[in-house]
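Heads up: the structure comes next, in structure tokens.
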Amino acid sequence: MGERIKIFILVAILGFFAGVVADLTSAYVIPALMTILPSFLSARYLLSGFAGACLTLVLVSVWAYITGSQER
């Protein structure tokens with residue numbers, strides 16, 4: 001199997017898990033944070049952006065670890 005196909009499959013799998021985590025985040029975590037944080041920080045778009053940034057950092061870290069150099 002070609003290297004490009006492997007990368008596409010890996011990105012598709014990570015994207016699927018990102019969608020699942022994003023759905024769970026929007027259903028449970030964001031409403032809980034909206035009740036805890038002050039009103040100016042509880043705007044839904046700010047919380048969604050923060051959740052997206054955290055999720056992206058996790059996914060890029062996983063991708064970098066998986067595709068990293070084998071000479072460790």
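Taken together, the values in this text are just the output of simple stated rules run on the coordinates, not laboratory data. Computed from a prediction, not measured in an experiment: that's the story for all the values here. Note: ideal-geometry Cβ built from the backbone for every residue, glycine included; neighbour counts use all protein chains shown.
What order do you get for 54-65, 2-13 when each peptide is scored by the mean count of other beta carbon atoms within 10 Å, highest first?
Averaged packing, sorted descending, gives the order 54-65, 2-13.
Report the full-extension gain for the segment L46 to D23: residue separation times 0.36 nm, less the Cα-Cα distance, to one decimal in nm.
Taking L46 through D23 to full extension adds about 6.7 nm, to one decimal.
Regarding segment 3-66, what whole-number volume in Å³ per residue does the convex hull of its Cα atoms give?
Per residue, the Cα convex hull of segment 3-66 comes to 75 Å³.
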